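No value in this document is a laboratory result; all are computed from the given coordinates. Remember, it's a predicted structure, so these values are computed and weren't measured experimentally. A quick note on method: Cβ atoms are made from the backbone with ideal geometry, for glycine too, and the neighbour counts reach across all protein chains shown.
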Amino acid sequence: MNLAIDIGNSFTHFAVYKDSRNVYTYNCSSINRIDLVKAIKKISKKFRIIKIGISSVSADTLKIIKSYIRKEFKISPLTINNKTKLPVKIKIKKSHTLGPDRICNAVYGYDTVKAKCHVLMIDLGTANTYDLVLKNGDFVGGIIAPGIMTSSRALNSNTGNLPLLEYRKLSVKAPLIGRNTFEAIQSGLVNYMKCATEGLVKAIRGQYKGKLRVIVTGGSAKFLGRKVNFDHIYRKNTVLEGINIVLNYQGSSK
């Protein structure tokens, strides 16, 4: 069995796979060391893990997890980066700066379309990322923008009077023209994000000819997915799925 670990800015996600089938998932805070250790110990007792892959955007959490993995599993995990053997070809300048979460999303997207069309992976979270993999497997690059709550916190912290809007208070039915400050900020977050995403997808379709499939994932994906006006499919845990695909690819002859 494979263990995939996605270390994000806020949360760490664990998933156990038997071949391509997910049989177990667990999520916890990326900054709670006790929870991280408990998760690793629980998985080590419950499953016979053969391979472990990690995508991490936090060096501190990665260090903690790797030390306990070696202790509990006696396995050296694969830390995914631009040097890892991949089913996609990275065609990005300074590829060492490429986040492993974006790599795993690209791998998942390409595996999903099976070289039948281009694929755009949109991950809506702390940051919104838009990553394009062409039909031939070339990962040509992407776009990084602030996520909804990152934008909300920036408005609050960089101004004197604008309040912080919590995620649970945002509505997919936010009016276009706000009748008070709360509604105006809500429109700026929700409708601006909607229009920006629709505009980017339209621009990418115009620049890259041929069929394009759009896959949307991330913490804000379901919320914003109900708002945007373009064909797309929603998938969760795409980074974890991508990690598992990369792990299985290591044993291939390709």
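Computed over segment 161-207, the Cα gyration tensor eigenvalues convert (square root of 5λ each) into semi-axes of 25, 10, 9 Å, ordered from largest to smallest.
As a calculated quantity, the FRET efficiency between residue 167 and residue 38 at R0 = 41 Å, using C-beta atoms, amounts to about 0.95.
Cross-link partners of residue 93 among lysines, defined as those whose alpha carbon lies under 23 angstrom from its own and excluding same-chain residues fewer than eight positions apart: 83, 85, 135, 209.
When its C-alpha radius of gyration is set against 2.2 N^0.38 Å (N residues), the chain gives a value of 1.06. Relative to the longest principal Cα axis of the chain, at what angle does helix 59-73 sit, 0 to 90 degrees, rounded to 10? That works out to roughly 30 degrees. In terms of distances greater than 22 angstrom between alpha carbons, the cross-link table entries 18/46; 63/89; 66/222; 66/89; 89/114 yield 63/89; 66/222; 66/89.
In the chain, the longest principal axis of the Cα atoms and the axis of helix 238-249 are about 30 degrees apart. Across segment 89-243, Cα pairs under 8 Å and at least six residues apart give a relative contact order of 26 percent. Over segment 179-254, the fraction of Cα-Cα pairs per 10 Å bin, rounded to whole percents and listed from the shortest bin up, is 15, 34, 30, 16, 4, 1, 0.
Per residue, the convex hull spanned by the Cα atoms of segment 71-155 amounts to 135 cubic angstrom.
Charged neighbours of residue 138, selected by a Cβ distance under 14 Å, balance to +3 (K, R count +1; D, E count -1).
Evaluated at q = 0.15 Å⁻¹, the base-10 log of the normalised Debye intensity for segment 2-79, with identical point scatterers placed on the Cα atoms, takes the values -0.43.
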